[in-house]
Each structure stands twice: as C-alpha cells, then as structure tokens.
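The values are calculated or read from the model by the stated rules, or taken from the named source; none is laboratory data. Please read all numbers here as calculations on a predicted model, not as lab measurements. Reconstructed Cβ throughout: ideal geometry from the backbone, glycine too, with neighbour counts over all protein chains shown.
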Amino acid sequence: MPGECPGDDPAGTAGPPSGTAERTKGKALVDTQYYIRFERATDAVTTPRGLRAALHGEALEVDVVRDDVVRIRISRGGTFDESPTFALCVDPLSQDVEHTVEIDDDVARVRTSALVVSVWLDPFRIDVHRTDGSAVVESVVDDEGRSWAYAVLNDAFHVRRRARREDAVFGLGEKAGRHNRKGRSFTLWNTDVLDPQASGEFAATDADDPRSDNTSVEFDPYYMSIPFFYHQAARTGAMAASFVDNGYRAGYDFSEGTEYSMTFEGGQYCEYVFAGPDMPDILEAYTWLTGRAAPPPLWALGFHQCRWFDYSQDDLEALAARLRERGIPCDVLWLDIDHMDGYRVFTWNTDQFPDAPGMLEHLREQGFGVITIVDPGVKHEPGYAVFDQAVERDVLCRTESGSVYVGQVWPGITAFPDFVEPEARAWWGELNADHVRSGLAGIWNDMNEPATGAIPAEAMRFGRGQFPHERYHNQYALLMAMGTTEGLLEAMPDKRTFVLSRAGSPGIQRYAANWMGDNMSRWEHLWMSIPMGAGLGISGQPFAGADVGGFGEDSSAELLARWTQYGALTPFFRNHAMAGTVDQYAWSFGEAVEDLVRDAIALRYRLMPYLYAAFLRASETGAPVQRPLVYDFQYDAAVRDIDDQYLFGPDLLVAPVVAAGTTARQVYLPEGTWYDWHTGERLAGPRFVTAATPMDRIPLFARGGAVVPMWSEAPPTTAGYRPDVVELHLFVPGADGTRTSFLQEDDGLTFAAADGARYRTELEVTRAGGRVRLDARVDGDGFAEFAREAFRVVLHGAAPASVLVDGVETQVRDGRVVVPNAGTPFTLELEV
C-alpha cells in the first residue's frame, strides 16, 4: 500500500545560527552493491505471539509486544540471540495481547487492534500499517520489483524503508545539528569527539562540509548511540517509531528524500516497531521497554559548579564560602581529574587534600555535596590496590591472545574493567560505594565511550575475551553506570543515587544522567544544545544538559549570562570549563553579569517544586523534562522545524537567546493561552510574537490552565530547606476545559515516597464559561520533615476581589490568596 502523500512544507521559525548548514548534504553511508538481498520466505506458521517463517536458511519471527508494538527479528547462523544488548529491562512478551494470524499463499499477516504486519513471502518484504491503512513502515521496492526489506554482507545487515521528502525524522538521542534529522546521515558509534584519534575517521574530507571539523555543530558521531527514532508523516502529522536492539556500530541514512536506510555492522536484526500515532504514547512504550529514570535526589536538580582545575582543599572550601557570601545558590561542587593521586581512580592527592573526609563533612554542613570524576581506565601498575584487585579477580578486558588489554589515558598505560561480566560490575560497584561512603554525594563517569587515547580500542575484548570489541563498545558506558549504581544501591539501599555519564546507549536513563560532553564556548554551541537536549529527551533520557558557559575555549560576559539564563531552565544545570581557559564563575565578568547569573539561578531554585514534578512525571511515564514543541503539538505543522525553543516540563515555554547582541527574538506560541512570564501579558496561540530580550531575561511563557508550584524564595541550597509556604501560580485558561498539574513533597533523598511518605497534591483547573475552579486532591501519608502550613495561590489573568475557598469567601490581596493547608484537599473558585 502507498504511504501518506506529501504535504506542503511547514513554515520553520528558526534555523541554526549563522554560518551553519541548514541541511548537511547527505552522502550514502553504505555501498550496497555487494549486499545479498533476502527475497523469498517460506514455511510460514503461527506461533503463540505471532508468526515464524523460513528465510534463506534463517528464521524470521514477528511477535506481538503490545497492541501498538511488534518485534521483528531474523536469526543469524540459524539461531536467535535472546539477549542482544542490555537495553531492555522487561520481558517484551510479558503482556497478553489479543491478535490474529492469517497465512495465505503470498502473504502472512499478524493483526492487533492497532496495527497489521504483512510479511510478503515471494518476493519477500515486510510492511506494517495501522488498522486505518496508514503506513507505519514500508519496505523499499526497486524498479524490478525486488525488495530491500533485509540484505546482508558478511556480518552486516541493511534495511531500507519508504519515506516522503516532506516527512520529518526525530530522535537518535544525542546528535548534533537540527532536531529534524531528515536530509542527513548519522553514525552510531560512541566517540570521544575532541580526541582527533577517535573522531578523525569520521571527519568529512570535503573542507566545505561542516562535519570536517569536530567542533562544528554538525559533527557526527557523538558520545552516545541510541538506535531509536520517530518518522512523522508530513500530511497527517502521525508518527511511527523504530528501535533496533543492537549495540554494534550502525549507520542511519535519511539523506534521500523518498527513503531511509539502517545498516548495522554486526549482530542480529531485532527491531521494535511502534505504530503510534502519537509521540507521547510511543515514548511511553519505548521507556517501558528500556526503563525510566529513577526519581532523582532533590539536590541533583540544583546548581552545580565545576571546573577542570588543580584545586586544593583550601581552594574548594574558599569557593564554597564565596558562593555563599555572594548569594549564589548552589548544591554541588565538582572535582575533575587533578584531585587524584597521579590520575589513579578512587584515590585522593593527599598533598592537595590532606583531610578529604573532614573537608567533605564541613562542606556538607554548609549544604554542599561534592562529586568527583571516576574514569574507567585503571592505571596498569602492580602495587596500586585497584589494579591488583582487578588482576586478582580477573575482571579486566582482555585481547584475543588472552592478555590484559592496555590503552592510554590520563594515568598513562591503562587497563579497563570488563563490565560485561557481572563480577566486574559488582567489584566496580563496591569501589564506588566505598568512595561515596567517604562523604561524596555522587559519581561522575567520564571517558567511557570507552576512550583509549593513542592506542586503538578494537583489540579490547569482552566476556573474558569471548566477545569482540564491536559488540559492546556502545554499551560500555551503560554497563559502567549499571555497576556503579547497583553498587551504590546495594550498599545504601534507602538512598537515591546520582551518577553522571558522558557516553551512553538505550537504557542509560535507568542508571545515570548525561551531559553533552566537551562543548565549546561559542554561541552556536549554546544553540546546538537545544535540539540535542530535545533529542535526548524524546529518546528516553530526561536528565541531561550541556556545560553552561561552554567547556573549551574562553567564554565571555554576554555568553555566560545568556547560557546561564538558558541552562537554569534545562534538566541538568552545571557550569563547567576546561583547564587553561578564562574563569567563568558567576563573578568572573563583573558585578553586572554576576547579578544576571544570580537571578537566573534563583529562578531555577524558586521553580524547584515544578521541576521536581517534571522529573517524577518522567520516572512514571517517560515524558521528557526538556521537550521539543513537536512532543506536545505534533499535529501543528509549524513546530516541526522549530529547534531554538522548547517546553521545560509541560507548561513553561522557553526561547533562549542564541546570538550576541540580541535585543528581541521571534517566538512561536502554539495553540492555547500563554502568559508572558515577565510582563504578565496574556496571548492566544497559535501565533508568532516578537519578544523583547533585554539582558536581564530570556523569553519565558506559561501555559494557560497550568498551576506552577514554586518556592517563595530561592534558598542557598536545597539541603534542609522546608518552606512553611508554597506558592501555586494559577494561570487562568482562556477557554473552557480542564488541565491537571501536580506538586509532590517528600524527603527528596530516599525512596520512602514510593511507600506513601509524601504529600502529592493533584491540581486540576477547570474553566466553564466565566467560572474557574481549582480542585486540589491529596495522596500520601506525609513525612517527618514536612513543614508546609499554607499555600499562597497567585492568580494570573484574573483580578477578583475575592474567591471562594472550600465555599468560604476569601479576600484577594495583590492577586494572592493565602490558603492555610498542611496536606489536605481544598477547592478554590473564582469568576473571570
């Protein structure tokens, strides 16, 4: 059946910064002239979950996963790999799904209430459609009638699918360039981007191609590899998605207008196809398969101060004191590689830090946590306790000959844990748990692509030498984070963990947050982090952010101010800079910039209850914290190519400043009512507006119908902060309808909330004509530290003299209503 017809190109509102390519001209990633196509299937039979057929000496299986999700896989060497990666955290066939199977002479079909899989037997091809006939995936068929449903060349396999020129493609996790991936090709291979030895093979040979420069905003590949993407039909807006459960190096080519292709250099073809058609439902299903982020410790949502610098104990304590003296809210201080003894992991340089435990305790008393870097590379040095343990337990990667693999990273000659082995992960977890017990707040995993410096990584094998490097290269960071987090939880089962990782693959969100690696202090890198963050969010990773101010090169006063204003409204908020660059602390560019930075950080802290709710929603449904507009408004054609604004949580629209000297910028407001956060002006979408961007703010809009919970002040740290009043900012909807928000109060540190030690207040706003009603419903048993005594409801878009609170007339003063409340339901009604 034909796919959707092309529609008109939607109007984009924002291109990349001046000097970057609107579309990287694609070139074919793979020469397929020697690939052998599989062209005839036979012996189709019904199975308990779908169907099975013979295919050129291999087996094809179609299994129903959910009503709207199917798994399609083809054996290699006649057998199926039942655990191709560590991505999945559930049995994909655990749910009962009603389905039927029809097998005819020319086609076999599997039907559910949401989709139909058609396996054409001779010639072989696979198509998936929704039950209304619209295309989910359709194999490419050439002019001779031969299909590209599946082709192989030695260990590699290749798949081609139909598309339309006007269609859009989103996802693939951490990718540079535009959020819409259509028109470009991508490689999935975790890469230390700034290391020319690691990234050199990917640099385009054409000097005019922006991918020739590994610091460009189009360079590919990056640190993470997530083979999951969405395909949006331009005419209808409907979305389908694909996740290939395979960790080998891969290529995705969307550069051709009428088709796209996927090529994996090894392993088994095992694809999960999502019928959609709505993006939130697809992401919910994908994160059901691969897992969701756990509720974070509240302090991890605060401001993080980091710098690659040779700090001493006195330096770090002085930095903490200066932050407090200058009123810069901050929860976490970070230490890069120079805190170690000769770059040996799990050590301290005792000359620089003569009393690390005492220092950590002193900082904790001031509300600071400390996080140190832990690379996977272990110095190859007999007598170094960590290396000696690794050798004794046989938990290091080996080569084909059986020798311990040696790379070259910061300590020099370096060995690497074999995280594929459970014993290696358990050992690594023990080391991390002991490290955190010394007083650290969390762990920072860097160089885990894995980066091996001047020595190529290909000789590194896994499973005590059983598996080639290519099988687990992209999963190395996931396995490292798995070992780290499981070790922390085993040692401290009641304490929420925080691990930050540079690299990752599907499932990383279960164990770690991600930062976007070594960016540059350039305006275009500020812009790049917006679509990159959005791509990670819709690929299952809600906890991500870029180094604020830029890591490499020198930042500037204006860039730091604007990046902080933007970074304060992203999931992970850390200022970090490279050694040898100018300082970019809040005070580094004078009092005026310091005031701007302080105010931006303060806004984040006041929004902490709203932000925390967004993270809890992510842990429950997979919904991203930093959300591209297409996630919430996918049927609005105007948002498809907007990638310089986003939603922060479900109800705040953010439009960062991405160029120097900007005094105003265009902002697209989707359908609904929107309030200018700074002026209070109410605007109706869909429309484009011009928003002023004086240096003290970036455009920020709140959605009508939302209730945004806030603290009434910005505390210096989240540690121990228990306000007696919480503000509820009610943005009056402009039209009839209902919208629900929520606030959750718990201890922010343990998992006790899951057992009821919380107050979760659901806030439902309903408008019917001129009457607006806020219903607050409460769930939970409370917790020992709870201190709230009242809500302060702040009204936006209405100015009544009084409201009804639980039927009692209550005066409104300066647009505010105080509602005494210590964890009980209430109702507020007003006329507008």
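Summary of values
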read-out	value
Lone qualifier among L363, L396 - being without any contact (Cβ under 8 Å) to a residue 40 or more places away in the chain, in contact with a helix residue (DSSP H, G or I) (Cβ under 8 Å, 6 or more places away or on another chain) and not aromatic (F, W, Y)	L396
Answer from T347, T258, T290 - the residue that is surrounded by fewer than 21 Cβ atoms within 10 Å (Cβ to Cβ) and within 23 Å of V128 (Cα to Cα)	T258
Subset tally (residues that are part of a strand (DSSP E or B) and touching a Pro at 6+ places or on another chain (Cβ under 7 Å)) for segment 194-239	2
Sole exception among (1) in contact with a Lys or Arg (Cβ under 8 Å, 6 or more places away or on another chain); (2) among the hydroxyl-bearing types (S, T, Y); (3) surrounded by fewer than 17 Cβ atoms within 10 Å (Cβ to Cβ); (4) over 25 Å from Y631 (Cα atoms) for T693, by number	(3)
Conditions (1) free of Cβ contacts under 8 Å to residues at least 60 places away in the same chain; (2) in a helix (DSSP H, G or I): number failed by L559	(1)
Residue in segment 611-633 that is acidic (D, E) and under 21 Å from W334 (Cβ atoms) present	no
Strands (runs of 3 or more DSSP E) wholly inside segment 725-781 that include at least 2 residues being hydroxyl-bearing (S, T, Y)	737-745, 759-768
Only listed residue being surrounded by fewer than 18 Cβ atoms within 10 Å (Cβ to Cβ), in contact (Cβ under 8 Å) with a residue 40 or more places away in the chain and not in a loop (DSSP other than H, G, I, E, B), chosen from V64, V101, V45, V119	V45
Close pairs (6 angstrom Cβ cut-off, 6 or more residues apart or separate chains): at pLDDT 90 or above in segment 28-42, outside any strand (DSSP E or B) anywhere	F38/H56; F38/Y150; E39/P123; R40/D122
Every residue from segment 74-91 that is buried (at least 18 other Cβ atoms within 10 Å of the Cβ) and within 27 Å of the chain's Cα centre (by Cα)	P84, T85, F86, A87, L88
Count of segment 240-262 residues which are closer than 23 Å to D192 by Cβ and part of a loop (DSSP other than H, G, I, E, B)	4
Counted residues, segment 517-548 - those being closer than 20 Å to D192 by Cα and either outside any helix (DSSP H, G or I) or aliphatic (A, V, I, L, M) (or both)	16
Yes/no for E713 being surrounded by fewer than 18 Cβ atoms within 10 Å (Cβ to Cβ), charged (D, E, K, R) and either under 21 Å from A798 (Cα atoms) or in contact with a strand residue (DSSP E or B) (Cβ under 8 Å, 6 or more places away or on another chain) (or both)	no
Output for segment 368-390, where each listed residue is in a loop (DSSP other than H, G, I, E, B) and surrounded by fewer than 22 Cβ atoms within 10 Å (Cβ to Cβ)	H380, E381, P382, G383, Y384
Qualifying residue in segment 277-287 (condition: more than 18 Å from the chain's Cα centre (by Cα), surrounded by 19 or more Cβ atoms within 10 Å (Cβ to Cβ) and either at positive phi or not in a helix (DSSP H, G or I) (or both))	yes
Matching residues, segment 122-155, being among the basic types (K, R) and in a strand (DSSP E or B)	R125, R130
Answer residue from segment 157-177, given it is under 16 Å from the mean Cα position of the chain (by Cα) and of a type in the set (D, E, K, R) and is surrounded by the most Cβ atoms within 10 Å (Cβ to Cβ) among those	K175
Matching helices (runs of 4 or more DSSP H) fully within segment 412-516 where at least 2 residues are modelled with pLDDT of 95 or more and buried (at least 24 other Cβ atoms within 10 Å of the Cβ)	422-437, 476-491
